[in-house]
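See below for the structure under consideration.
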Amino acid sequence: MSNNDFDEKLVAKIKEAKIAPKPRWHFLLKNYVIWAVGVLALLIGAAAISVMIYLFKYNGWEIQEETHKTFWEFFLLTLPYFWIIFLGLFIFILYYNLQHTKRGYRYPVWFIISSSILSSVILGSLFFLAGWGEKIDNILGEQAPLYNTVINRHLDFWFNPDEGRLIGVISTKNDSQTFEIIDPSGDTWQIFARPQAGSLDSFHVNEPVDLIGRVIDDNQFQAEIIKEVRPGRRFFSRPRPRTSRPNLPPTRQFPDVTNTQN
């Protein structure tokens with residue numbers, strides 16, 4: 001078959017199938033969308049990094065030994081798994097989009113992934129310094145479902161009275177060593193602070209606190225350490241559930257505690 005016959009048959013097939021070349025703007029739009037999704041994935045990944053830094057910084061490392069957990073137990077029990085998975089998802093989206101850019105195929109997988117992670121860490125650190133990590137945690141703490149069991153496992157870890165850890169909002173201050181808190185389930189606890197726990201003067205009513213100590217009676221807790229709550233503070237701005245116990249206060253809306261002075 002001659003070249004002319006082949007060309008004629010090819011042209012005939014193109015006309016028969018009504019194949020037309022795509023306009024240039026199609027390719028430009030696709031390229032812009034790929035880059036836009038990639039940049040968005042980078043920003044969201046960086047936001048996840050900023051929250052992770054915030055959670056790690058205020059994880060209570062200084063009192064890890066008092067929780068009666070080894071370092072690795074404490075680390076694994078408070079590790080922000082949600083944010084690690086969330087970050088991994090957006091790193092993959094960023095990698096996928098970079099692979100489909102005009103020259104993305106030229107770069108090896110390890111280079112794209114490591115560059116994506118490094119960029120997220122650098123940008124996320126800047127977001128953290130700007131206070132975005134705390135702001136994101138506050139918004140999620142106030143509104144996100146499953147916040148205390150999935151998004152911020154710090155709160156779930158600290159709410160275990162049988163293991164000597166209790167968390168809640170100060171509802172009443174009787175004196176410098178005795179006060180009451182309402183825990184995340186709505187139960188009221190009477191707290192007796194040991195002298196070494198420090199004075200309550202630096203803590204205020206409606207402020208959430210972490211406690212380390214032991215249960216001494218029904219809904220009575222002896223505190224040896226009192227610590228402010230940072231990640232998850234706004235979780236306590238939600239309405240507390242009302243339980244069937246007759247001595248509990250009614251459901252209430254805790255006021256904004258974000259700007260409470262230490």
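Throughout, read-outs are computed from the coordinates displayed, never taken from laboratory work. Everything quoted here is computed from the prediction, not taken from an experiment. All Cβ positions, glycine included, derive from the backbone under ideal geometry; neighbour counts span all protein chains shown.
What ³J(HN,Hα) values, in whole Hz, does the Karplus curve 6.51 cos²θ - 1.76 cosθ + 1.60 give for the range 70-87 when θ = phi - 60°, with x put for Gly and Pro?
These are the phi-based 3J(HN,Hα) values: 5, 4, 6, 4, 4, 4, 6, 6, 10, 5, x, 4, 4, 6, 5, 5, 4, 5 Hz.
Tell me whether the range 163-216 comes out rounded, prolate or oblate; compute the Cα gyration tensor, take square roots of the eigenvalues as a ≥ b ≥ c, and use a/c under 1.5 as the rounded threshold.
Values: a/c = 1.65, a/b = 1.12, b/c = 1.48.
Cα axes put the range 163-216 in the oblate bin.
Using the Karplus equation 6.51 cos²θ - 1.76 cosθ + 1.60 (θ = phi - 60°), what ³J(HN,Hα) coupling, rounded to whole Hz, does each residue of the range 173-187 give in order, writing x for Gly and Pro?
Coupling constants for the range 173-187: 10, 7, 8, 5, 10, 10, 7, 10, 10, 10, 7, x, 8, x, 6 Hz.
For PHE159, what charge total do you get from the other residues with a beta carbon under 12 Å from its beta carbon, if Lys and Arg give +1 and Asp and Glu give -1?
On the way: positive: ARG153, ARG165; negative: ASP156, ASP162, GLU163, ASP183, ASP187, ASP210.
Once positives and negatives cancel, what remains is -4.
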